[in-house]
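One structure is given below, encoded as C-alpha cells.
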Amino acid sequence: MRAQQIGLMDLEANWKWPRRLNPHTSDIKQECLDWAASFGAFTPEAQKASSDRAVISVVDKRSACDLMNLFFIFDEHSDKSEATEVWNQVEVIMDALRNPFKARPEGEWIGGEVARQFWSRVIRISTPTFQRRFLTTWEEYLQGTAQQAEDRSRSHIRDIASYLEVRKRTIGARPSFNILEMDMDLPDEVMEHPIIRELESLAIDLTIIANDVLSYNKEQACGDDEHNLITIAMKEHHIDVQGAVDWTVKLHAGMVVRFNKLYLEVPRWGGPLDLDVQSYVNGMAQWVGANVQWSYESERYFGKAGLEVKKTRTLYLLPKMVNGRKDIGPFVVEDALF
C-alpha cells in the first residue's frame with residue numbers, strides 16, 4: 001500500500017529577508033566540524049548538520065557554529081535519555097558554564113566538556129550584558145528540554161497553548177538570538193520594549209512552526225512526535241495530518257504578516273544604538289529563513305531528498321519504526337522513501 005502523501009506549503013512565502021551566506025563560513029567551517037568531532041559524542045554522520053546564519057564577524061561566526069554543535073549534542077543525547085538523566089545533563093552543562101576554567105570530572109558526560117570549552121572562548125570576546133542574557137536563556141532552554149523528557153516519559157501530549165509555552169524554550173531560539181548581540185551592549189529598556197519583545201516572540205514561533213512541520217515525518221516514524229505541533233493540532237482539533245499541516249501553515253502565514261508590519265515600527269533610540277538594534281532584528285529575521293533552508297538541506301529530516309521535497313512540496317509518511325530508535329545521531333532517510 002502506498003504511503004500517505006502530504007502536501008507542504010511554501011514556508012518562505014512573503015518573507016522579506018533573502019538568503020545571505022556568511023562570508024566567513026568557509027574560513028572556519030572545518031575548524032568547527034573538527035572541534036565537534038573531537039569529542040566523539042556520536043557517529044560521523046551526525047557532523048553533517050550545519051546552518052547558514054545571519055552575517056556576523058568571523059569570531060562570532062565561530063561561536064555561533066560551536067553553539068549549534070552544543071545544541072546538537074545535547075539534543076541528540078537528551079532525546080534518547082530518561083528524564084532523570086536529562087536533568088543530570090542540565091546540571092552538568094550549567095556547572096560547566098559557571099566554571100569555564102575548571103577541569104571537568106573524569107568519566108563525566110561529554111556535554112560538560114563541550115560546554116566548558118565553548119563558554120571559555122566566548123567569555124573572552126563578548127560583553128557582560130550578552131553573557132548575563134545568554135546564561136538566563138540557555139538555562140531556560142535546558143530546563144524546557146528536561147520538561148519535554150518528562151512529558152515523553154509519561155506519553156503526555158499537551159494542548160496547543162501549553163505546548164507553545166514549553167516549546168518556546170526547547171526550540172533554543174532565544175540563546176541563539178543572543179549570539180547576535182555578543183559584541184553589543186543593548187540596554188534592557190531596548191530589549192524589553194514591547195515591539196522588540198513581540199518581534200522576538202514571533203521569530204521564535206515562526207521557527208517552531210517551520211521546525212515542527214518539516215521534522216514531523218522523521219519524528220512520527222521513530223515515535224518521537226508527541227512534542228510536535230502537528231500531533232498536538234491533530235489531537236486538539238480532531239483533524240488528520242494534512243489538516244494539521246494546513247492549519248499550522250496558515251498560522252505561520254499570519255505571523256509572517258505581523259512580523260513584517262512590526263519591523264517597520266521598530267523605535268529609534270538614536271546614534272550607534274539604532275544600528276545595533278537593526279542588526280539584531282535583521283539577524284532574527286535571517287535566522288527564521290535559515291532555519292527553513294537548513295531543514296531542507298542538512299539531510300537531518302529528509303535525507304538526500306530535501307531539495308526535491310522543497311521543490312515539489314510533497315512528501316510521503318514514513319513507516320513507523322517497530323521498536324523506536326535509541327542510537328545517538330541523525331536518522332538517515334533513504335531516497336526511495338520519498
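Here, each number is a calculation from the coordinates, and none is a lab measurement. Everything numeric here is computed off the predicted structure, so don't read it as measured data. Note that we place each Cβ from the backbone using ideal geometry, even for glycine, and neighbour counts take in every protein chain shown.
What is the order of 222, 65, fewest Cβ neighbours within 10 Å to most?
Fewest-to-most ranking of 222, 65: 222, 65.
Order 153-160, 290-297, 302-309, 250-257 from most to least packed using the mean count of other Cβ atoms within 10 Å.
290-297, 302-309, 250-257, 153-160
Normalised by the number of residues in region 25-313, what is the relative contact order in percent for Cα pairs under 8 Å and 6+ residues apart?
Relative contact order for region 25-313 comes out at 21 percent.
Can you list the residues, at least 5 places off or on another chain, whose amide H is less than 5 Å from the amide H of residue 186, using H built in the peptide plane?
none
For residue 222, which sequence-distant residues (separation of 5 or more, or a different chain) have an amide H within less than 5 Å of its own amide H, given hydrogens modelled in the peptide plane?
Answer set, sorted by chain and number: 321.
Taking θ = phi - 60°, what integer Hz values does the Karplus form 6.51 cos²θ - 1.76 cosθ + 1.60 yield along region 290-300, in sequence order, with x for Gly and Pro?
Each residue's phi maps through the Karplus curve to give 5, 4, 5, 4, 4, 4, 7, 9, 7, 6, 6 Hz.
Starting from the 7 Å offset along Cα-to-Cβ, what nm value, one decimal, do you get for the label separation of residue 268 and residue 98?
4.5
Between residue 260 and residue 155, with labels modelled 7 Å along Cα→Cβ, what's the label distance in nm to one decimal, could you check?
4.4
Could you tell me the center-to-center distance, by alpha carbons, between region 233-295 and region 176-212 in angstrom?
If we compute the Cα centre of each part, the gap is 11 Å.
Quote to one decimal, in nm, the extra length available between residue 278 and residue 16 on full extension: 0.36 nm per residue of separation minus the C-alpha distance between them.
92.9 nm
Quick one: which of 85-95, 163-173, 105-115 comes out on top by average Cβ neighbours within 10 Å, and what's the full order, highest first?
In decreasing order of mean packing, 85-95, 163-173, 105-115 become 163-173, 85-95, 105-115.
If I stretch the segment between residue 88 and residue 250 completely, what's the gain in nm (0.36 nm per residue apart, minus their alpha carbon distance), one decimal?
54.5 nm
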